[in-house]
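The values are calculated or read from the model by the stated rules, or taken from the named source; none is laboratory data. Computed from a predicted structure; not experimentally measured. Neighbour counts are summed over all protein chains in view; Cβ atoms, including those assigned to glycine, are modelled from backbone coordinates with ideal geometry. Just the protein is used for accessible areas: all its heavy atoms, side chains included, with ligands, DNA and RNA removed. Shrake-Rupley method; radii C 1.70, N 1.55, O 1.52, S 1.80 Å.
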Number of protein chains: 2
Amino acid sequence: MSEVNIETVVSFLKSLQDNICCALEQADGKGKFVEDNWTREEGGGGRTRVMTDGSVIEQGGVNFSLVSGTKLPPSATAHRPELAGRSWQACGVSLVIHPKNPNIPTSHANVRFFIAEKEGEEPVWWFGGGFDLTPFYPIDEDILHWHQTAKDLCTPFGESVYDEHKKWCDDYFYLKHRNETRGVGGLFFDDLNAWGFDKSFDYIKAVGQGYIDAYVPIIERRKETSYGEDERQFQLYRRGRYVEFNLVFDRGTLFGLQSGGRTESILMSMPPLARWEYNYQPEGESAEAKLYEYLTPRDWLTELV
Amino acid sequence: MSEVNIETVVSFLKSLQDNICCALEQADGKGKFVEDNWTREEGGGGRTRVMTDGSVIEQGGVNFSLVSGTKLPPSATAHRPELAGRSWQACGVSLVIHPKNPNIPTSHANVRFFIAEKEGEEPVWWFGGGFDLTPFYPIDEDILHWHQTAKDLCTPFGESVYDEHKKWCDDYFYLKHRNETRGVGGLFFDDLNAWGFDKSFDYIKAVGQGYIDAYVPIIERRKETSYGEDERQFQLYRRGRYVEFNLVFDRGTLFGLQSGGRTESILMSMPPLARWEYNYQPEGESAEAKLYEYLTPRDWLTELV
């Protein structure tokens, strides 16, 4: 096992951010990411990249950040007493893409690494991450492609990895008050340490590349599909659910806001426009009603084939 | 002291809902509230009234609800062991009005009553409530009227009531991650019991009527003021803050969603349309910049005169 090394993780994350931005700019064809560098008083900083008004991407952000501290807050050590008194570093890439065309799903991906160190002791570290898809008008071919890409990248790491991390994703991206999943899922994992550093890091790399492989072809396939005002209005309505999930349930968002993180970078995940309508219900056999059938955990790869 | 009587409170709340809806329909001139009656499996129910696409009110809801249970959840009794084993009832009127014209502020009001009873013991009860104003383009005359109405209704209940409940409002409607108050405040109070039932109930009545007296004249004064697309876009952006407050901080919203309340009635407070924009900053001396100077607790009645 090679040594745990945050520099190589940081270096990978920066090039992942570059690669994702490049692939999305190409797929968009017009929009460009604008970069904002920021630093954090307590240590570290980040580079936030935001695209607005692309030809495909209405608004989207791809963040890299590396933050550090000399002491973990009590909330972080309450359930992990081995972390008390350690200095820590956390780095990650996090992104949300809100396309304009309701036929292209919103997507989210994140990969992250945490390490807490203490002189003379082994470092405590773990990886986390995943990606998930939030369609408005779900297209089976796209969902199959998304999940097949996820499964293919997981398989080299173990036969059950896809099933486990797919289930974790379904469980995590769930709006209890709506009894709906956020979308059709993907992968989610946290506290990944048991595989050792090298294998875990390789998995993170596969997840990062897998996001590009999973999402870009969907953009390419759907970006010319026409849509009307009704579809646009339904998309704006459903984006309200995205806001509800991120502000009510998402641990990363809430921890960031509560711990004095950089608000503008955290809330870059918000949609450019969203709406709420009292007691909206999709009509019987409509295209909108189809979405609601998809907002429950399903074994897409066997059910949709 | 007269006996604590939830029936009279419920009866008052229902007529308050009627009065507020009637006053708002008149001020709007076109929109009508549509009523939805609902019941709750565990006990109780409500009547939700929503107006959409009025001439003034873009979307707004005025809810009455009365919910009850035979046993309080552990979270409710942890800090109040005297409540353990009691049956309880909670009733209230809660409203949020999102006008279309950015010159008319969004407004919120709430009055509520809670009672927990046990055979052979004194009931435990309290009132809570208040109202607060969220302007987009703050107009001093309107803020003065809002706070003067609040102060005038408080004074009969004690010289310091306005100051105390105004401060409570500033403290409560605060977005920590933005370092902004939600708006220019008003009144907020909870756990009101020390005054005894009759005086507390009278205060609740004054607050309910006070909301009408404070808000309707602002609608009347501003509903003909013209505005352009820039003002509309700023309003939609600022409505994003309203969403952030309600979903991240508002205890009523979070408790409602977590405890299995009726989601559509709780989230009727969401705006019809809201937007987010990365790192928006108002320009130097603009009308938009003025708002940001007003999003900090101030003694309006002495400072604005």
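Among the criteria (1) touching a Leu at 6+ places or on another chain (Cβ under 7 Å); (2) of a type outside the set (D, E, K, R); (3) at the interface with chain A (Cβ under 7 Å from one of its Cβ atoms); (4) buried (at least 19 other Cβ atoms within 10 Å of the Cβ), the one B:MET270 does not fulfil is (1). Taking A:VAL10, is it modelled with pLDDT of 95 or more, within 21 Å of the chain's Cα centre (by Cα) and in a helix (DSSP H, G or I)? Taking the combined requirement at face value, the residue satisfies it.
Selection of the stretch A:114-129 for residues being at pLDDT 95 or above, farther than 30 Å from A:LYS223 by Cβ and not hydrophobic (A, V, I, L, M, F, W, C) yields only A:GLY128.
The single condition among (1) over 28 Å from B:PHE197 (Cβ atoms); (2) open to solvent by 30 Å² or more (accessible area, probe 1.4 Å) that B:ILE57 does not satisfy is (2). Could you tell me which residue of the stretch A:238-258 is most open to solvent (accessible area, probe 1.4 Å), considering only residues that are touching a residue at least 24 places away in the same chain (Cβ under 8 Å) and more than 10 Å from chain B (Cβ to nearest Cβ)? The residue in question is A:GLY252. For the stretch B:81-113, a residue qualifies if it is hydrophobic (A, V, I, L, M, F, W, C) and at pLDDT 95 or above, and the qualifying residues are B:CYS91, B:VAL93, B:LEU95, B:VAL96, B:ILE97, B:ILE104, B:ALA109, B:VAL111, B:PHE113. For the stretch B:273-287, residues that are surrounded by fewer than 20 Cβ atoms within 10 Å (Cβ to Cβ) and either among the hydrophobic types (A, V, I, L, M, F, W, C) or touching a strand residue (DSSP E or B) at 6+ places or on another chain (Cβ under 9 Å) (or both) total 3. State yes or no: is A:PHE157 open to solvent by 30 Å² or more (accessible area, probe 1.4 Å) and touching a helix residue (DSSP H, G or I) at 6+ places or on another chain (Cβ under 6 Å)? For A:PHE157, the condition - open to solvent by 30 Å² or more (accessible area, probe 1.4 Å) and touching a helix residue (DSSP H, G or I) at 6+ places or on another chain (Cβ under 6 Å) - is met. Reported count of residues in the stretch A:283-303, each being part of a loop (DSSP other than H, G, I, E, B) and under 24 Å from the mean Cα position of the chain (by Cα), is 5.
More than 19 Å from A:LEU254 (Cα to Cα), assigned to a helix (DSSP H, G or I) and either at pLDDT below 95 or open to solvent by 20 Å² or more (accessible area, probe 1.4 Å) (or both): is that true of A:GLN26 in this structure? Steps first, answer last, please.
Numbers: more than 19 Å from A:LEU254 (Cα to Cα): yes; assigned to a helix (DSSP H, G or I): yes; either at pLDDT below 95 or open to solvent by 20 Å² or more (accessible area, probe 1.4 Å) (or both): yes.
Yes; evaluated as a whole, the condition is true for this residue.
Does B:GLU264 fit the bill of being among the acidic types (Asp, Glu) and at the interface with another protein chain (Cβ under 9 Å from one of its Cβ atoms)? It is true that B:GLU264 is among the acidic types (Asp, Glu) and at the interface with another protein chain (Cβ under 9 Å from one of its Cβ atoms). Just one of the numbered conditions (1) hydroxyl-bearing (Ser, Thr, Tyr); (2) open to solvent by 30 Å² or more (accessible area, probe 1.4 Å); (3) within 25 Å of A:GLN233 (Cβ to Cβ); (4) more than 10 Å from chain A (Cβ to nearest Cβ) is not true of B:THR302: (3).
Checking the stated criteria, B:LEU133 turns out not to satisfy the condition of being under 24 Å from B:SER286 (Cβ atoms), of a type in the set (A, V, I, L, M, F, W, C) and in contact with an Asp or Glu (Cβ under 7 Å, 6 or more places away or on another chain).
What number of residues within the stretch B:181-218 are more than 17 Å from B:LEU133 (Cβ to Cβ), open to solvent by less than 30 Å² (accessible area, probe 1.4 Å) and not in a helix (DSSP H, G or I)?
We begin by selecting, within the stretch B:181-218, every residue more than 17 Å from B:LEU133 (Cβ to Cβ); these are B:190-206.
Okay, now just the ones that are also open to solvent by less than 30 Å² (accessible area, probe 1.4 Å), so B:192, B:196-197, B:200-201, B:203-204, B:206.
After this cut, where a residue has to be not in a helix (DSSP H, G or I) as well, the list is B:192, B:196.
The qualifying residues number 2.
What pairs can you find where one residue is in the stretch B:167-185 and touching a residue at least 12 places away in the same chain (Cβ under 8 Å) and within 14 Å of chain A (Cβ to nearest Cβ), the other is open to solvent by 10 Å² or more (accessible area, probe 1.4 Å) and among the β-branched types (Val, Ile, Thr), and their Cβ atoms are less than 6 Å apart, with a gap of 6+ or different chains? Listed pairs, sorted by first residue: B:HIS177/A:THR263.
Only residues that are within 18 Å of A:PRO105 (Cβ to Cβ) and either open to solvent by 30 Å² or more (accessible area, probe 1.4 Å) or assigned to a helix (DSSP H, G or I) (or both): list them for the stretch A:160-177, please. Give the steps one after another, and end with the answer.
Taking the stretch A:160-177 as the starting set, the residues that turn out to be within 18 Å of A:PRO105 (Cβ to Cβ) are A:166, A:169-170, A:172-175.
Once the filter is applied, which keeps residues that are within 18 Å of A:PRO105 (Cβ to Cβ) and either open to solvent by 30 Å² or more (accessible area, probe 1.4 Å) or assigned to a helix (DSSP H, G or I) (or both), the stretch A:160-177 yields A:LYS166, A:CYS169, A:ASP170, A:TYR172, A:TYR174.
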